[in-house]
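The values are calculated or read from the model by the stated rules, or taken from the named source; none is laboratory data. From a predicted model like this one, the values you see are computed outputs, not experimental measurements. Cβ sites come from the backbone with ideal geometry, for glycine too, and all protein chains shown count toward neighbours.
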Amino acid sequence: MMKRSLAGAACGLMLASAGSLFVSAALAQEKTIKVGVLTDMSGPYGDVGGAGSTVAAQMAIEDSGMLAKGWKIDLISADHQNKADVGSNLAREWIDQGKADVFLDLLTSSVALAVNQIVKEKNKVALISGAASSDLTGKACSPNSIHWTYDTFSQANSTGKAITKAGGDSWFFVTADYAFGKALERDTTTVVTANGGKVIGNAMAPLNNADFSSQLLQAQSSKAKVVGLANAGADTANSIKQAAEFGLTQGGQKLAALLMFITDVNALGLPAAQGLEFTESFYWDLNDKTRDFANRYSKRVKNGAMPTMVQAGVYSSLIHYLKAVESLGPTTDGAAIVSTMKAMPTDDEAMGAGYIRQDGRKIHPVYLLQVKKPSESKYPWDYASVVATIPGEEAFRPLAQSECPLVTK
Amino acid sequence: MIPLLGITTQALFAQLLVGLINGAFYALLSLGLAVIFGMLNIVNFAHGALYMMGAFFAWFLLNALHIGYWPALVLAPLGVAIFGMIVERTMLTRLQGLDHIYGLLLTFGLALIIQGLFQNYFGSSGQPYPVPELLKGGANLGFMYLPNYRAWTIVFSLAVCLLTWFAIEKTRLGAVLRAATENPQLTRAFGVNVPRLITLTYGFGVGLAALAGVLAAPIYQVRPLMGADLIVVVFAVVVIGGMGSIMGSIVTGFALGLIEGLTKVFYPQAANTVVFVVMALVLLVKPAGLFGRKA
Amino acid sequence: MTDIAPHAPAPPASAPAAKSSTELLAIAGLALVLAAAPLAAYPFFLAQALCLALFACAFNLLVGYGGLLSFGHAMFYGSASYLAAHAAKVWGLPPEAAILAGTLGAGLLGLASGALSIRSQGIYFSMITLALAQLVYFIALQSPYTHGEDGVQAVPRGKLFGLIDLSNDVTLYYVVLAIFLFGLFSIYRIVHSPFGTVLKAIRENETRAISLGYRVDQYKRAAFVLSATLAGLAGATKAIVAQSATLTDVHWTTSGEVILMTLVGGMGTMVGPVFGAFVILAMQNYLSTFGQWVMVIQGAIFVVSVLSFRRGLIGEIANRFKISL
């Protein structure tokens, strides 16, 4: 008797967890598009992508004008909790149950790489905005995915080049001691030396260690003109805050964050962040179009935040995807959609004109920004001024250096 | 300048001092944990979350009520202590007589809830908190530039640690507290309200965590996960010092800050791990920790 | 002091045979349900869940029957996962060899970490395992073989024994089910062996066990290594199933999750952790559309379980019907 009740309980549990699994995928050939946003909502990158990415995707759907033309566009979003396993399980299920034909954002490299693999296997589309790994258009490139917004190479390359050319020719790195930080440092070093600068030294900082005074003291005594922060997230914020405390910028040194988002500036406040230079593929206050996009976005999110480049990238990539699908007619053939996307030039409110290379790299200008002094900031989120605009061809890794097998050399 | 192992003595002094400052935070946090463990036999996994709450409390006081750093140094620990005492009254007290691990698990769950709520409300990247006007700037010591605020951190936390030690080991109140830890029944028979003592102790330990949080707010980014990674290191500090030992946690906190500082200079790859390696070595020799009495 | 779980009341002296038979029935029932499960649920999800279920059962062997709460079990799960992924991808080993390599690696790690931690008791033991796991995490973070935050990706599933193609999710699921049942049955045999009986005696009253002449530390160490090895089996299998090994697998939050699974299902019950694993994983996947709330919900489950549900789902049922499950 016990066995039966146990088996019953087990069945119930399985069925409950299987819940909505049986949604037929057969309806797909109508004028229907299924969009899935996979991002970090509860973890350390929630402000960079998170719920804001879903809002950006929703805006792209509305702005595409396709709803009025009889298309039905479904949007689903989920928190992958920065776990590759959760991300790949969600991706597989969404595909197999016909809930998503295209995946957006994919913050965190481990999740992006895992979903990239699945999307290729199942011939869907991945438009990666949040992940940084330049492997996504290198060894791991795929005919089904486009790396939209930025990568470690473009960040390091553009920041390094622009600052060195402007006279910042001696560098000291504060580097997060793992693969990501080392890649940033390596790529920046290459471009700094190529442009006639030199790297004086570096200090490795353990990941998620709140205190950077040890590394900053070394940077200070190195007398380098530029202190490059090869780290991300909370590490970047903490190192900037403490650099201000130790008076690095007052001492005439320039601080360059190799990966930083506008929300980080907001979180640090201008008094701590002023003078800092960093590179973005999107800044909300660039021109009328970006301002219009950003203001519409800002009204729809919590705390009235302005979009980060990741969220703008989600918007931009979905607009372009929808254009491609509209021109192709109803289809879920991912590789066909991506090759159409590569054939069409991109243009949208958020990221302007650009194009997609054969290795899946989206090309657009990137901007070297400098954080304003508190006295220069006139209105909310007036945080930075553009120091230099780096053309896309110079910012991203040249095709000739690509390890991507799709590239015909 | 005399170079030593490829680094000048001046730089070495600088790194030692910086290490000591970090040690001040370890000491304050592990002291709170030790006080709570000594009295309640609970490993307070929520300690990191309460440290974060202290920092956010200070931020809230400044931004919503325009109350500055100095009052916050008192108000924030008080506020968090009240929160802690409510938690103790409503939840922890129901675990009395059960195995210690349930306290660990409950506070672990609490930490998740608190961090999750703050994350939802304030976002992941956190909030700015300025250095108080009085402590802005710094002094050039010759071998390093020492921000005034860091100097204050080290002096203040050392004072708090020693006062706590004195209160527990040398005063009448402390004697009652230790008696209640040793033998609650007997202490009750002397007319001491032991449950209230327990609640107050938890509030005090939690207040120490919040105090560390306020102290950290001007130098570390005030963000929901600021305590999540720190707490595991502090656990290791407590284990090395010997659980429940007041002096042990203070001394170990400062000492480990120093060791970590040295590691950052000579072998930065191990800066994350050195605390755990030290812990393993100490446990091999003394399973109860350096200052612990029994395992 | 090592009385860990308020398990079902101790059965009368003559009951052990009956006790283990209900457990065996529960395992058999579970096997039947799981064998039919792909009809109702998504096989890839089920396969992943089974890996976590085995992980939880392995963990339960230590906490539920040995009374030792490890807060660092992710080190075995994660390092086995990395090792198996590396073996399959870089060395090109077939899946069975990769899984074996990962399992043995975790066993060795268990031997080393057990030697350090087992001498401590209760809460000390928990914190030492946590610290050791953190050590392993940082090694994984910095090691060139793990590819940092990218993780080891695109691990080939390959052909089992050169015959069975694992790229089909359903085939894969049944292979994982076989591994899982092997693991669960091993745990059942361990618990009901003379070794297991001594282990439980130590949990109930360590001093008495010592006075009876048992070398308590050796028993505990053996349980620790066994648990680590089985956790490794789970992690290694997961690397083949999910085709990746990442830092999440070895992070301390994974150690926390396995505790949650065991707690929700029922510490010290044979099939409880399996249910716990399914509940928690289903929650992570299907509540993920609730976005930010996942962490809060997990925390709330922890608090509610500890305050009023200490026996767990299966533990409560077992207690209600006065049987052992």
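Observations on the structure shown:
- Applying the set (1) in a helix (DSSP H, G or I); (2) in contact with a Phe, Trp or Tyr (Cβ under 7 Å, 6 or more places away or on another chain); (3) touching a residue at least 12 places away in the same chain (Cβ under 8 Å) to B:V232 leaves exactly one unmet item: (3).
- Considering each residue of the range C:274-285 in turn, at least one proves to be touching a Leu at 6+ places or on another chain (Cβ under 6 Å), free of Cβ contacts under 8 Å to residues at least 60 places away in the same chain and not small (G, A, S).
- Filtering the range A:299-313 to residues that are away from chain B (no Cβ under 14 Å) and surrounded by fewer than 21 Cβ atoms within 10 Å (Cβ to Cβ) leaves A:K299, A:R300.
- Matching residues, the range C:284-325, being more than 9 Å from chain B (Cβ to nearest Cβ), closer than 25 Å to A:S88 by Cβ and either charged (D, E, K, R) or surrounded by fewer than 18 Cβ atoms within 10 Å (Cβ to Cβ) (or both): C:L287, C:T289, C:F290
- The range B:10-33, subset surrounded by 24 or more Cβ atoms within 10 Å (Cβ to Cβ) and touching a Phe, Trp or Tyr at 6+ places or on another chain (Cβ under 6 Å), residue farthest from the other protein chains (Cβ to nearest Cβ): B:A27
- Among residues of the range B:221-244 being at pLDDT below 85 and closer than 26 Å to B:G174 by Cα, the one that is farthest from the other protein chains (Cβ to nearest Cβ) is B:G244.
- Where B:D99 falls short, out of the listed (1) under 20 Å from B:F37 (Cα atoms); (2) charged (D, E, K, R); (3) more than 14 Å from chain C (Cβ to nearest Cβ): (3)
- Taking the numbered list (1) surrounded by 23 or more Cβ atoms within 10 Å (Cβ to Cβ); (2) farther than 22 Å from C:L141 by Cβ in turn, A:A230 passes all entries but (2).
- Any chance C:F224 is surrounded by 24 or more Cβ atoms within 10 Å (Cβ to Cβ), within 29 Å of C:H192 (Cβ to Cβ) and in contact (Cβ under 8 Å) with a residue 40 or more places away in the chain: yes
Residue-wise test of (1) free of Cβ contacts under 8 Å to residues at least 40 places away in the same chain; (2) touching a strand residue (DSSP E or B) at 6+ places or on another chain (Cβ under 8 Å); (3) within 13 Å of another protein chain (Cβ to nearest Cβ).
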position	(1), (2), (3)
A:A179	yes, no, yes
A:A194	yes, no, no
A:K198	yes, yes, no
A:A210	yes, no, yes
A:S222	no, yes, yes
A:L229	no, yes, no
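- Filter result for B:L200 (surrounded by fewer than 24 Cβ atoms within 10 Å (Cβ to Cβ) and either in contact with a Gly (Cβ under 8 Å, 6 or more places away or on another chain) or at pLDDT below 90 (or both)): no
- Members of the range A:62-103 that are farther than 25 Å from A:K31 by Cβ and either part of a loop (DSSP other than H, G, I, E, B) or not assigned by TED's automatic domain parsing to the domain that holds A:L318 (or both): A:H80, A:Q81, A:N82, A:K83
- Some residue of the range A:275-283 being among the β-branched types (V, I, T) and not in a helix (DSSP H, G or I): yes
- Residue check, C:A231 over 26 Å from B:A228 (Cα atoms) and more than 12 Å from chain B (Cβ to nearest Cβ): no
- Of residues in the range A:144-166 being within 16 Å of the chain's Cα centre (by Cα) and among the aliphatic types (A, V, I, L, M), the one nearest to A:M260 (Cα to Cα): A:A156
- Residue list for the range C:109-131, restricted to those being touching a residue at least 40 places away in the same chain (Cβ under 8 Å) and more than 7 Å from chain B (Cβ to nearest Cβ): C:L109, C:G110, C:L111, C:S113, C:G114, C:A115, C:S117, C:I118, C:F125, C:T129
- Of all residues making up the range C:266-292, the number that are outside any helix (DSSP H, G or I) and among the β-branched types (V, I, T): 2
- Complete set of residues in the range B:153-208 that are within 24 Å of B:P77 (Cα to Cα) and part of a loop (DSSP other than H, G, I, E, B): B:T171, B:N193
- Top-ranked residue in the range A:60-103 [being away from every other protein chain (no Cβ under 14 Å) and of a type in the set (D, E); ranked as surrounded by the fewest Cβ atoms within 10 Å (Cβ to Cβ)]: A:E62
- Residue in the range B:156-174 that is more than 14 Å from chain C (Cβ to nearest Cβ), over 23 Å from the mean Cα position of the chain (by Cα) and at negative phi present: yes
- Breaking point among (1) of a type outside the set (S, T, Y); (2) surrounded by 20 or more Cβ atoms within 10 Å (Cβ to Cβ); (3) on the phi < 0 side of the Ramachandran plot; (4) within 12 Å of another protein chain (Cβ to nearest Cβ), for B:F143: (2)
- Single match in C:D165, C:D169 (criterion: within 25 Å of A:S88 (Cα to Cα) and within 25 Å of the chain's Cα centre (by Cα)): C:D169
- Only one entry of B:T199, B:T263, B:T252 meets the criterion of being more than 30 Å from B:K136 (Cβ to Cβ), within 14 Å of chain A (Cβ to nearest Cβ) and not aromatic (F, W, Y), and that entry is B:T263.
- Reported count of residues in the range A:304-327, each being part of a helix (DSSP H, G or I), under 24 Å from A:T279 (Cα atoms) and over 16 Å from the mean Cα position of the chain (by Cα), is 3.
- Inter-residue pairs, beta-carbon under 9 Å, first among the aromatic types (F, W, Y) and in the range A:31-50, second in a helix (DSSP H, G or I), 6+ apart: A:Y45/A:G233; A:Y45/A:V310
Table: residues versus (1) part of a loop (DSSP other than H, G, I, E, B); (2) within 26 Å of A:N303 (Cα to Cα); (3) at the interface with chain C (Cβ under 10 Å from one of its Cβ atoms).
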| residue | (1), (2), (3) |
| --- | --- |
| B:E88 | no, no, no |
| B:L104 | no, no, yes |
| B:N120 | no, yes, yes |
| B:S124 | yes, yes, yes |
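- When each of B:A27, B:A49, B:A64, B:A34 is tested for being more than 30 Å from C:G256 (Cα to Cα) and assigned to a helix (DSSP H, G or I), the lone residue that passes is B:A64.
- Extreme residue, surrounded by the most Cβ atoms within 10 Å (Cβ to Cβ), among residues of the range A:104-143 that are assigned to a loop (DSSP other than H, G, I, E, B), more than 13 Å from the chain's Cα centre (by Cα) and away from every other protein chain (no Cβ under 14 Å): A:K124
- Matching entry among C:L116, C:L108, C:L93 (being hydrophobic (A, V, I, L, M, F, W, C), surrounded by fewer than 22 Cβ atoms within 10 Å (Cβ to Cβ) and not in a helix (DSSP H, G or I)): C:L93
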